[in-house]
Amino acid sequence: MFKILSTTSLNICIASLCRVKNLKNAEAVLIDGIRVGILPDVVTYNTLIDGYCRLFGIDSGYSVLGRMREAGIHPNVITYNTLLSCASRYRLLYQSLDIFDEMLQVGILPDVWSYNILMHCFFKVGKPDEAYRVFKDIFLRNIYPSPATFNIMFTGLCKNWYTDNALMLLRNLQRNGFRPELVTYNILIDGLCKSGKWRTVKGLLKEILDYGHIPNAITYTTVMKCCFKNKMFNEGLEIFSEMKAKGYTFDGFAYCTVAGALLRTGRIEEANQCMGNMFRSGIDLDMVCYNTLINLYCKEGKLEDAFGLLDEVEKMGLECDIYTHTILIDGLCKAGNIQGAQRHLKYLNKMGFRTNLVAFNSFIDGLCKLGQIEYAMQVFESMKVKDEFTYSSIVQGLCSAGRFHLAARLLLSCVRSGVRILRSDKKAVIRGLRFTGFGPQAKKVQSNIRLAKLLHY
DNA sequence: CTAGGGTTAG
């Protein structure tokens with residue numbers, strides 16, 4: 001323990017305690033400081049506000065602001081930006097706008113950070129037009145944009161599927177002398193990968209080098225993920241090897257991307273090795289890493305280990321998320337434990353998670369594979385939202401049960417509403433009809449599907 | 001105090 005000698009060292013100490021979420025000790029240090037005459041300043045309180053906001057939410061941040069005022073210390077723009085970023089983190093748009101107003105009311109001029117955070121908040125709640133207004137406002141008010149301003153803009157555009165606009169903005173800015181950072185490229189590459197614009201991605205990857213940037217682990221992980229998504233598994237794994245060869249340090253993102261792809265393609269043993277390497281590397285594991293591990297255990301058929309890890313994770317104080325539970329529900333279904341899956345679905349509901357399409361799709365698929373088609377149909381009909389996975393499982397299930405006419409009807413309604421179907425589903429239905437003596441109907445279904453597809457595209 | 005990549009189902 002080092003001795004607090006000045007307000008600066010007090011602030012450093014409090015900041016590091018806040019980082020490890022030890023607010024109790026942070027408060028103790030504050031009191032100790034006051035006792036020996038080292039008084040907190042605006043930085044001290046801003047740090048505390050951030051700590052409280054992160055741990056307990058915005059209201060607790062505001063109560064620290066109250067204490068700050070009582071201590072006779074005036075909040076500054078950073079104080080308000082801290083509160084603003086907390087509201088934005090929780091996607092509280094209206095609260096963000098209120099904070100912005102309050103800031104103006106108390107006579108604090110918002111800076112570029114304030115605008116950046118507000119813009120980001122608009123994007124996060126799916127209001128790109130409003131975000132763009134904030135963006136223009138920055139220039140209208142003669143505030144100098146920061147690199148983050150543009151990066152937030154690019155991220156927002158990409159995440160809202162405006163990748164073309166993002167690219168246009170880049171080109172426009174470049175014509176005006178803008179030099180994109182590596183982060184900017186990473187943002188655009190991710191967006192373009194996710195909208196399937198592989199060629200443009202390749203161009204940008206070259207451009208990175210033209211600017212003298214060296215792709216980092218994030219660039220690699222992004223492209224690797226894109227390969228896996230586009231069923232280019234070997235290319236993805238090659239990128240992984242290249243990363244290794246070039247000496248990049250792996251983090252949870254890289255390990256989980258690879259392990260996830262291996263698990264999805266049934267390469268369980270390799271996934272096991274990958275996760276083992278992750279363990280041995282000694283990196284801090286977060287919830288996504290644990291989810292991937294739990295998924296590995298499930299795929300290896302070690303359900304007890306999976307649930308054991310769930311307990312451990314919760315004991316460590318990490319919050320399990322919707323992925324954790326969905327993975328477990330799927331694991332239970334695949335192990336034939338329908339009751340367990342049902343119990344976990346109820347538990348999910350009790351825990352306040354919103355209804356989860358993926359989990360229900362797993363459940364339906366599990367029921368179908370166990371031959372419980374009646375029950376599966378019941379669940380299917382009770383579902384308000386369905387997607388291609390739901391239909392695929394139920395169609396396969398109906399075919400296994402020999403109910404090809406119903407399967408054909410569902411398949412057609414699928415195509416007619418523009419839901420993509422698997423070739424194997426169509427095949428199963430057609431073959432089933434033909435095999436059971438309904439050759440003409442099979443032909444009719446086939447041509448109807450073709451027609452529906454034509455009408456839809 | 002703001003910006004980038006990862007985990008679930010057919």
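Key figures
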quantity	calculated
Condition broken by A:Ile143, with the remaining ones in (1) part of a helix (DSSP H, G or I); (2) touching a residue at least 24 places away in the same chain (Cβ under 8 Å) satisfied	(1)
Flag if A:Ile108 is crowded, with 18+ Cβ neighbours inside 10 Å, within 14 Å of DNA strand B (Cβ to nearest atom) and not in a helix (DSSP H, G or I)	yes
Answer from A:Arg171, A:Arg91 - the residue that is in a helix (DSSP H, G or I) and exposed (fewer than 14 other Cβ atoms within 10 Å of the Cβ)	A:Arg171
Check on A:Gly212, more than 13 Å from DNA strand B (Cβ to nearest atom) and either buried (at least 19 other Cβ atoms within 10 Å of the Cβ) or not in a helix (DSSP H, G or I) (or both)	yes
Residue list for the range A:370-390, filter: touching a Lys or Arg at 6+ places or on another chain (Cβ under 8 Å) and charged (D, E, K, R)	A:Glu388
Residues satisfying the stated conditions in the range A:364-407, i.e. part of a loop (DSSP other than H, G, I, E, B) and closer than 22 Å to A:Gly437 by Cα	A:Ala401, A:Gly402, A:Arg403
Test set (1) of a type outside the set (A, V, I, L, M); (2) crowded, with 17+ Cβ neighbours inside 10 Å; (3) part of a helix (DSSP H, G or I) - A:Phe250 fails condition number	(3)
Condition check for A:Phe389: crowded, with 17+ Cβ neighbours inside 10 Å, within 32 Å of the chain's Cα centre (by Cα) and not hydroxyl-bearing (Ser, Thr, Tyr)	yes
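Here is a yes/no grid of residues against (1) surrounded by 13 or more Cβ atoms within 10 Å (Cβ to Cβ); (2) within 19 Å of A:Lys302 (Cα to Cα); (3) under 22 Å from the mean Cα position of the chain (by Cα):
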residue: A:Glu319; (1), (2), (3): no, no, yes
residue: A:His325; (1), (2), (3): yes, yes, yes
residue: A:Gly340; (1), (2), (3): yes, yes, no
residue: A:Arg343; (1), (2), (3): yes, yes, no
residue: A:Met351; (1), (2), (3): no, no, yes
residue: A:Leu357; (1), (2), (3): yes, no, yes
residue: A:Asp365; (1), (2), (3): yes, no, no
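Quick note: the coordinates plus some simple rules give every number you see, no bench work behind them. Note that this is a predicted model, so its numbers are computed, not measured. When we count neighbours, we look across all protein chains shown, and the Cβ atoms used for this are built from the backbone with ideal geometry, even at glycine.
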